[in-house]
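Engineer: I'd like to ask some things about the structure below.
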Amino acid sequence: MPRPTVAQLLYGSCTVVVSTLAMLLLSQTSSGPGIAVIAVAALALGLLVALTVPAPKPSPRPAAAAPAPDKEREPVSR
């Protein structure tokens, strides 16, 4: 599995923080199990966002040029 890029880590982390705050403010819950459910949901959403951020495509490598022959080859007689 390839390592996550900086963009994937950043988007995932920001999603976790923002979605946790938004869900806590909108639900107005103060119970322990409610906060735990919101935290787990925010972590799952952050993981989903981090995995769907497109990874950069590798740059194409230039094709290797064939070496130039030093001198012409003569056919071998048998």
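The values are calculated or read from the model by the stated rules, or taken from the named source; none is laboratory data. Please read all numbers here as calculations on a predicted model, not as lab measurements. Reconstructed Cβ throughout: ideal geometry from the backbone, glycine too, with neighbour counts over all protein chains shown.
Engineer: Given the conditions (1) within 14 Å of the chain's Cα centre (by Cα); (2) loosely packed, with under 12 Cβ neighbours inside 10 Å; (3) modelled with pLDDT of 85 or more, and given that Ser31 satisfies all but one, which numbered condition is not satisfied?
Structural biologist: Status for Ser31: all satisfied but (1).
Condition check ((1) loosely packed, with under 10 Cβ neighbours inside 10 Å; (2) on the phi > 0 side of the Ramachandran plot; (3) among the small types (Gly, Ala, Ser); (4) modelled with pLDDT of 90 or more) across all residues:
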{"position": "Val17", "(1), (2), (3), (4)": "no, no, no, yes"}
{"position": "Ala36", "(1), (2), (3), (4)": "no, no, yes, yes"}
{"position": "Ala39", "(1), (2), (3), (4)": "no, no, yes, yes"}
{"position": "Leu51", "(1), (2), (3), (4)": "no, no, no, no"}
{"position": "Ala63", "(1), (2), (3), (4)": "yes, no, yes, no"}
{"position": "Ala66", "(1), (2), (3), (4)": "yes, no, yes, no"}
{"position": "Pro75", "(1), (2), (3), (4)": "yes, no, no, no"}
